[in-house]
Amino acid sequence: MTDMKKRPTADAKPVGHVTIADRRQFLIGSAGLLGAAALGAGTSLGMGRARAQSRAEISFASAAFFGKETFGDLIKAFNESQDRVLVKNIELPPPSSSTEVYQGLVQQLARRNGTPDVFSQDVIWIAGFAAAGWALPLDEYFPADKRSAYFTGTLDACTYGGKLTALPWFMDSGMFYYRKDVLEKHGKVPETWADMATIAAAAQKAGDIDFGYLWQGKQAEVLVCDAVEIITSNNGAILAPDGKSSLINQKGAVEAIQFLHDTIATTKISPQDVLSWDEEPSRQPFTSGKAMFMRNWSYVYPIAQDAKASQVVDKVGVAPLPSFPGGKSSACLGGYQLGVNANSKQREAAIELLTWLSSTETQHRIALNFGLAPTRPALFQDEQIKKEQPFMASLENVFTGATARPKTPQYAKVTLALQSGISKALVSGNVQAEMDALADQITKIVA
């Protein structure tokens, strides 16, 4: 594999002194070539030194994703690629601690002092940050004719109130992992939840694995993701189409949550511990060879193929999640998108970093080293990505057709209600009663 930590290169040549408007257009048109372009650099050695000493200083804040490198390495590469902008990296908790990441960003953005200048945000926060006036509208820098390189669904998720308030970075979605070697003994990849439970129970009974199905039941954001997937796969919904009331106590949603409860209490294909597990605690038994099926994110695949971290190298398959009869597979849309602080005092420098981070070159690097799917369709056809991350190209339709969580400026309140209400239902087994109470609570929030 190419050493992705090496200094990026590009064919772009240094340009002369340009106006802000000219430089904006250059940045937009050269998103994939910014790796080593010394934008605005002077032609004399003296001017070059002067500009290096007067670099615009900005900051970048992001959750810390698991990979072969860190986002700090990305920022270091950007700093080394040009002499105009110097970025300080602010590392937030990992995405599995989504609430802590969100709170950290909110505390900083609410101060309205311009820090961080650029930030990455879970797709579910875009509407709230935009409604609060914290995210700079980006239409001026990325007009409509410059957005065709991105998936339309991701662009839609980055839009609030008719304005582009985030720039697509990388996508993620829930997916269905399975043990290929064990499945050969018990059937084929299940397309319905009922078939999954039957196969998982058979594999457990045969002693081939300890756990039939692993998922994330911790009272956290990931529980909402699991719930969105299984509810949608039964033609259910959390919010009504107008977003002003909740449908989570209707048949489709109730049956779906009941199924999750039954994996622990009835079919017993899931251990009681899943109720306290988020992504990593559920991933570890799977890559240790103890589980048949698992719902998790795309980051698991590179780990499963790493002999230093996995007991199931070359034994893992990935497929769309099952559905209920009459429904269709649903994957929760995840991923982080890029935003610029509306109060940044260095907007042009922030746009330069934003453009580089979202460029073809950087998205390619992230796909290879983090296992996170690009938001640029062309990269799914990249031969190196196909070779090193084969699941990514094969499941392109899963990534691009993923189901969004409720899109509402009140999402921060809605998700806390969902986490609490669904958790109560899973523990008590009183699913209908808890969903009735939860529907009332969410309706009061969004009405």
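When the range 382-394 is filtered for residues that are aliphatic (A, V, I, L, M) and open to solvent by less than 10 Å² (accessible area, probe 1.4 Å), the ones remaining, listed by number, are I385, M392. Listed residues T355, T362, T287, T375; which is of a type in the set (S, T, Y), closer than 25 Å to E229 by Cβ and not assigned by TED's automatic domain parsing to the domain that holds D208? Step by step, each of T355, T362, T287, T375 is checked, and only T375 is of a type in the set (S, T, Y), closer than 25 Å to E229 by Cβ and not assigned by TED's automatic domain parsing to the domain that holds D208. Residues that are outside the structural domain of A61 (by TED's automatic domain parsing) and either under 19 Å from S423 (Cα atoms) or touching a Phe, Trp or Tyr at 6+ places or on another chain (Cβ under 6 Å) (or both): does the range 301-309 have at least one? There is at least one residue in the range 301-309 that is outside the structural domain of A61 (by TED's automatic domain parsing) and either under 19 Å from S423 (Cα atoms) or touching a Phe, Trp or Tyr at 6+ places or on another chain (Cβ under 6 Å) (or both). Among the residues of the range 218-253, those identified as part of a helix (DSSP H, G or I) and closer than 15 Å to P325 by Cα are E229, I230, I231, T232, K251, G252, A253. Here is the figure for the range 99-146: residues that are surrounded by fewer than 20 Cβ atoms within 10 Å (Cβ to Cβ) and of a type outside the set (D, E) total 18. Listed by first and then second residue, the pairs linking a residue in the range 329-340 that is on the phi > 0 side of the Ramachandran plot and open to solvent by 10 Å² or more (accessible area, probe 1.4 Å) to a residue that is of a type in the set (G, A, S) and outside any loop (DSSP other than H, G, I, E, B), with Cβ atoms under 6 Å apart and 6 or more places separating them unless they lie on different chains, form an empty list. The strands (runs of 3 or more DSSP E) found wholly in the range 111-207 and carrying at least 1 residues that are farther than 21 Å from Y299 by Cβ and assigned by TED's automatic domain parsing to the domain that holds I366 occupy 118-122.
For S276, state whether it is open to solvent by 30 Å² or more (accessible area, probe 1.4 Å), in the same structural domain as S423 (by TED's automatic domain parsing), within 15 Å of D226 (Cα to Cα) and in contact (Cβ under 8 Å) with a residue 24 or more places away in the chain. Against the criterion (open to solvent by 30 Å² or more (accessible area, probe 1.4 Å), in the same structural domain as S423 (by TED's automatic domain parsing), within 15 Å of D226 (Cα to Cα) and in contact (Cβ under 8 Å) with a residue 24 or more places away in the chain), S276 qualifies.
Applying the selection to the range 277-302, what residues are at pLDDT 95 or above and under 13 Å from S96 (Cβ atoms)? Scanning the range 277-302 gives W277, P281, S282, R283, Q284, N296. Is it true that some residue in the range 337-359 is among the hydroxyl-bearing types (S, T, Y) and more than 28 Å from I75 (Cβ to Cβ)? Within the range 337-359 (the criterion being among the hydroxyl-bearing types (S, T, Y) and more than 28 Å from I75 (Cβ to Cβ)), the answer is no, since none of the residues qualifies.
Are any residues in the range 57-85 buried (at least 17 other Cβ atoms within 10 Å of the Cβ) and either in a strand (DSSP E or B) or of a type in the set (S, T, Y) (or both), and if so, which ones? Within the range 57-85, I58, S59, F60, A61, S62, A63, T70, S81, V85 qualify. Applying a threshold of 7 Å to beta carbon distances and a minimum spacing of six or more residues, or different chains, the list of pairs starting in the range 67-86 at a residue that is free of Cβ contacts under 8 Å to residues at least 60 places away in the same chain and ending at one that is of a type in the set (A, V, I, L, M) and in a helix (DSSP H, G or I) reads D83/A52.
Screening the range 180-198 for residues that are free of Cβ contacts under 8 Å to residues at least 60 places away in the same chain and among the charged types (D, E, K, R) and picking the one that is surrounded by the most Cβ atoms within 10 Å (Cβ to Cβ) gives K185.
The values are calculated or read from the model by the stated rules, or taken from the named source; none is laboratory data. Fair warning: this is a prediction, and the values are worked out from it, not measured in the lab. A quick note on method: Cβ atoms are made from the backbone with ideal geometry, for glycine too, and the neighbour counts reach across all protein chains shown. For the accessible areas, the whole protein counts, side chains as well, though only heavy atoms, and no ligand, DNA or RNA atoms are used. Shrake-Rupley method; radii C 1.70, N 1.55, O 1.52, S 1.80 Å.
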